[in-house]
Amino acid sequence: MSRRPTNLVRVARLLVVVVHRTDPPARLGQWLRDAGVELDERHLSAGDELPDGVDGFDGMVVLGGPQSALDDDRTSPELAGVRELLAQALAADFPTLAICLGAQLLAQVGGGRVRKGIDGPEVGALLVAKRDAADADPVFGPLPLSPDVLQFHHDEISELPTGATLLASSPMYANQAFRVGRHVYGLQFHIETTPEVIHEWAERDVAGVAASPWDRETICRLSDEAHPHIEAAWAPFAARFADLVRARAATPAA
């Protein structure tokens, strides 16, 4: 007796580059799993090796860490492989979401510039404002006009990558979110954190906290209050990014 051929749908695979243990995928990872994406996490602080390229994956997330995008290969040798993967993603218009340090590295490899923030660190639970171009973007478009985010950075993206579209800004630093091509996104801010992660950052980043308008306890309290609002706005955003990853997985190989 013959059997009908079964059309098997391949599970979309997402490479998650955890640059430092202090910035795990946390809630973002769960949102992406909930959207039907399989995560392959590479924790560089734990000694995990990066793949040579993005072949075999359908998308990539690059997270943040206390390193600086201004570090050279001797200071932060682990960033060399991250830069190479981001360069490949840009060349292939590969579905990518780069966050904080990841976004700064993305800007650099794409021809943009990063420098020490001229107005000092940007720290705490804040808002960003969508730019007009975001309305036509399939991933950013449905976000609120001024979504809640969490900031914890000392450097700034002073120039966007070549050909980038600016999607969101803040009063302190203009280049908060951008897209290169159709599928590569950079976020200067954080959406992935849990309250516990922010509490650890506030404890570790003495200089950043000292430069903010609030003390450590207030930063933690305000971030605790902001996390439900961040989830309401950014969990659907993560699902829309997952749509890009799953669409690539469903595309027949050339």
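The values are calculated or read from the model by the stated rules, or taken from the named source; none is laboratory data. Since the structure is predicted, the reported quantities are computational estimates derived from the model, not experimental observations. Using ideal geometry, Cβ is built from the backbone for each residue, glycine included, and neighbour counts are taken over all protein chains shown. Heavy atoms of the whole protein, side chains included, go into the accessibility calculation; ligands, DNA and RNA do not. Shrake-Rupley method; radii C 1.70, N 1.55, O 1.52, S 1.80 Å.
Could you pull out every one of the strands (runs of 3 or more DSSP E) wholly within the range 159-254 that has 2 or more residues that are of a type in the set (Ser, Thr, Tyr)? Break it down stepwise before answering.
On the way: elements: 165-169, 177-180, 184-187.
Qualifying strands (runs of 3 or more DSSP E): 165-169.
Within the range 77-97, is even one residue part of a strand (DSSP E or B) and in contact (Cβ under 8 Å) with a residue 12 or more places away in the chain?
So the first thing to find is which residues in the range 77-97 are part of a strand (DSSP E or B), and the list is 96-97.
In the following step, the residues that additionally are in contact (Cβ under 8 Å) with a residue 12 or more places away in the chain were identified as 96-97.
Looking through the range 77-97, at least one residue is part of a strand (DSSP E or B) and in contact (Cβ under 8 Å) with a residue 12 or more places away in the chain.
Against the condition open to solvent by less than 20 Å² (accessible area, probe 1.4 Å) and either at pLDDT below 95 or in contact with a strand residue (DSSP E or B) (Cβ under 6 Å, 6 or more places away or on another chain) (or both), how does Val139 come out, does it pass?
No, not satisfied.
Quickly run through the range 169-212 and pick out the residues that are more than 19 Å from Ala89 (Cβ to Cβ), out of contact with any helix residue (DSSP H, G or I) (no Cβ under 7 Å at 6 or more places or on another chain) and buried (at least 19 other Cβ atoms within 10 Å of the Cβ).
Ser170, Tyr173, Gln176, Phe189, His190, Trp201, Asp205, Gly208
Please pick out the residue among Arg21, Arg74, Arg10 that is part of a loop (DSSP other than H, G, I, E, B) and farther than 28 Å from Asp205 by Cβ. Can you show your working first?
Working: Arg21 fails: farther than 28 Å from Asp205 by Cβ; Arg74 fails: farther than 28 Å from Asp205 by Cβ.
Just one listed residue meets the conditions, Arg10.
Suppose we keep only residues that are more than 25 Å from Ser68 (Cβ to Cβ) and open to solvent by 10 Å² or more (accessible area, probe 1.4 Å) within the range 90-107. Which one would you say is farthest from the chain's Cα centre (by Cα)?
Residue satisfying both the conditions and the ranking: Ala92.
This table checks each residue for (1) of a type in the set (Lys, Arg); (2) under 22 Å from Arg182 (Cβ atoms).
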{"residue": "Ala35", "(1), (2)": "no, yes"}
{"residue": "Gly56", "(1), (2)": "no, yes"}
{"residue": "Gln67", "(1), (2)": "no, no"}
{"residue": "Ser76", "(1), (2)": "no, no"}
{"residue": "Ala80", "(1), (2)": "no, no"}
{"residue": "Arg83", "(1), (2)": "yes, yes"}
{"residue": "Ala89", "(1), (2)": "no, yes"}
{"residue": "Phe94", "(1), (2)": "no, yes"}
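Considering only the range 65-76, state which residues are of a type in the set (Gly, Ala, Ser) and without any contact (Cβ under 8 Å) to a residue 24 or more places away in the chain.
Of the range 65-76, the ones of a type in the set (Gly, Ala, Ser) are 65, 68-69, 76.
Residue satisfying the conditions is Ser76 alone.
Arg115 fails exactly one of the following numbered conditions: (1) closer than 22 Å to Gly208 by Cβ; (2) of a type outside the set (A, V, I, L, M, F, W, C); (3) in contact with a Ser or Thr (Cβ under 6 Å, 6 or more places away or on another chain); (4) in a loop (DSSP other than H, G, I, E, B). What is the number of that condition?
The number of the failed condition is (4).
What number of residues within the range 21-63 are in contact (Cβ under 8 Å) with a residue 40 or more places away in the chain and either of a type outside the set (Gly, Ala, Ser) or in contact with a His (Cβ under 7 Å, 6 or more places away or on another chain) (or both)? Step through it out loud before you land on a result.
Just the residues of the range 21-63 that are in contact (Cβ under 8 Å) with a residue 40 or more places away in the chain, to begin with: 22-29, 31-32, 34-37, 54, 56-63.
Restricting the remaining residues to those that are either of a type outside the set (Gly, Ala, Ser) or in contact with a His (Cβ under 7 Å, 6 or more places away or on another chain) (or both) gives 22-25, 27-28, 31-32, 34, 37, 54, 57-58, 60-63.
Going through the range 21-63 one residue at a time, the tally reaches 17.
Hey, Thr194 hits all of (1) touching a strand residue (DSSP E or B) at 6+ places or on another chain (Cβ under 6 Å); (2) within 26 Å of Met60 (Cβ to Cβ); (3) among the polar types (S, T, N, Q) but one; which does it fall short on?
(1)
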